[in-house]
Amino acid sequence: MTSIQETGERVAANVERVIVGKRQEVRLTLVALLCRGHLLIEDVPGTGKTMLAKAVARSLGCSFRRIQFTPDLLPSDVTGLSIYNQRTQEFEFRPGPIMAQVVLADEINRATPKTQSSLLECMEEHQATIDGTTYAMPEPFLVIATQNPIEYEGTFALPEAQLDRFMLRIRLGYPSPDDEQKILDEQKISHPLDELGVVLDAGSLRDLQVAVRETYVDPSVADYIVRLVTATRTHPDVYLGASPRGSLALYRTGQAYAAMAGRDYVIPDDIKALAESALAHRLIIKTSSSMHDIDPRQVVAELLNSVPLNDARTAGPDRHSGPTPKEQSGSPLHDAAGSKSR
């Protein structure tokens, strides 16, 4: 896990040359990337949403495409289409901008539901079916979508199926006065993005995505995740709670979050740190409750205080009551966890 932590710190430091003073948000972006998940950034214009996506793409040496979502955008403008070639008398597929490793879906809620739905298969199954032919997305594949939470004129709310496919939702927010002064100083002559270099290639990133899955999650921590998600479905202010995909999102992001902290095991504090970003956008508040300004983030915060841990373990697999597959195989991962907890 040390290599994941060191690599994550290098990538985060590189991105923070452009995105100043938003360390936690940059960290959550990398967590989604390590989990092969997608990210929704909901914030007002000018806070660095596009710059964050570009900085991540350049730091990883990945291909980057931006799709500006508008009401007249068609599904074929996103996924691509087949065009008849009169010379060869055959149809040729012209890939759309979604066929890139890092895709920025800018102002995603300005497109019609028909166009939004063109992303469903791409995001969930990492493939697109056009004219009966299935095309695989490039790996790694990350969709970073943005939307403005203030201006709703001419927008179409994202359906629940679309929201559920985003592993995390974050808000960048305005920078502090000191950070804003630093931004002004750094952009006097040129933009830091122009000088950003590659610190991690796509092949190494795929290896890290596989390695993150080895992070140990104690059954008691997994039980806490399930009880937390289940509580969202029975909360009196919630009309629709988080789906099992929400449980998986907490589980996977918990593994990546722990690995980036240099641990090979997940602790309850990891789950608590990720709960709002992983669950809040999956909740639908009842109309009667929303009229009283009940917010999904408030519900998640309330559940974090009310759902007990039930003696969730905070160490590696050697604290577990019985042997795990890692213990039986005597893997280096278990040896590292055991030496750390002892």
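The values are calculated or read from the model by the stated rules, or taken from the named source; none is laboratory data. Because the structure is predicted, anything quoted here is derived from the model rather than measured. Glycine also receives a Cβ, built like all others from the backbone with ideal geometry; neighbour counts cover every protein chain displayed.
The selection criterion, being touching a strand residue (DSSP E or B) at 6+ places or on another chain (Cβ under 8 Å), under 24 Å from GLN101 (Cα atoms), touching a residue at least 24 places away in the same chain (Cβ under 8 Å) and surrounded by 21 or more Cβ atoms within 10 Å (Cβ to Cβ), holds for THR253. Taking (1) modelled with pLDDT under 80; (2) assigned to a helix (DSSP H, G or I) in turn, ALA315 satisfies each apart from (2). Whether a residue is on the phi < 0 side of the Ramachandran plot, outside the structural domain of VAL31 (by TED's automatic domain parsing) and touching a residue at least 12 places away in the same chain (Cβ under 8 Å) was assessed, and ALA222 passes this test.
Between SER321, SER277, SER289, the distinction of being part of a helix (DSSP H, G or I), modelled with pLDDT under 90 and not basic (Lys, Arg) belongs to SER289 only. Of the set (1) free of Cβ contacts under 8 Å to residues at least 40 places away in the same chain; (2) buried (at least 16 other Cβ atoms within 10 Å of the Cβ); (3) not in a helix (DSSP H, G or I), all apply to ASP77 but (3). Of THR146, THR133, THR115, all but one fail to be farther than 20 Å from GLY37 by Cβ and either within 16 Å of the chain's Cα centre (by Cα) or buried (at least 16 other Cβ atoms within 10 Å of the Cβ) (or both); the exception is THR115. Scanning segment 21-45 for residues that are modelled with pLDDT under 90 and within 15 Å of ARG206 (Cα to Cα) turns up nothing.
Selection over segment 9-41 of residues that are closer than 14 Å to LEU208 by Cβ, touching a residue at least 24 places away in the same chain (Cβ under 8 Å) and either of a type in the set (A, V, I, L, M, F, W, C) or crowded, with 23+ Cβ neighbours inside 10 Å (or both) gives a count of 7.
Of everything in segment 256-280 that is without any contact (Cβ under 8 Å) to a residue 60 or more places away in the chain and of a type in the set (Gly, Ala, Ser), the residue that is surrounded by the fewest Cβ atoms within 10 Å (Cβ to Cβ) is ALA273. The condition of being surrounded by fewer than 20 Cβ atoms within 10 Å (Cβ to Cβ), at pLDDT 90 or above, farther than 27 Å from GLN255 by Cβ and not hydroxyl-bearing (Ser, Thr, Tyr) holds for only one of GLN181, GLN187, that being GLN181. Of the residues making up segment 80-124, those that are over 23 Å from ALA161 (Cβ atoms), touching a residue at least 40 places away in the same chain (Cβ under 8 Å) and not aromatic (Phe, Trp, Tyr) are LEU81, SER82, PRO95, GLN101.
Of all residues in segment 149-173, those that are aromatic (Phe, Trp, Tyr) and exposed (fewer than 13 other Cβ atoms within 10 Å of the Cβ) total 1. Can you find a residue that is modelled with pLDDT under 90, of a type in the set (Val, Ile, Thr) and over 30 Å from ASP201 (Cβ atoms) anywhere in segment 129-148? No: zero hits.
The set of residues in segment 17-38 being in a loop (DSSP other than H, G, I, E, B) and out of contact with any helix residue (DSSP H, G or I) (no Cβ under 6 Å at 6 or more places or on another chain) consists of LYS22, GLY37.
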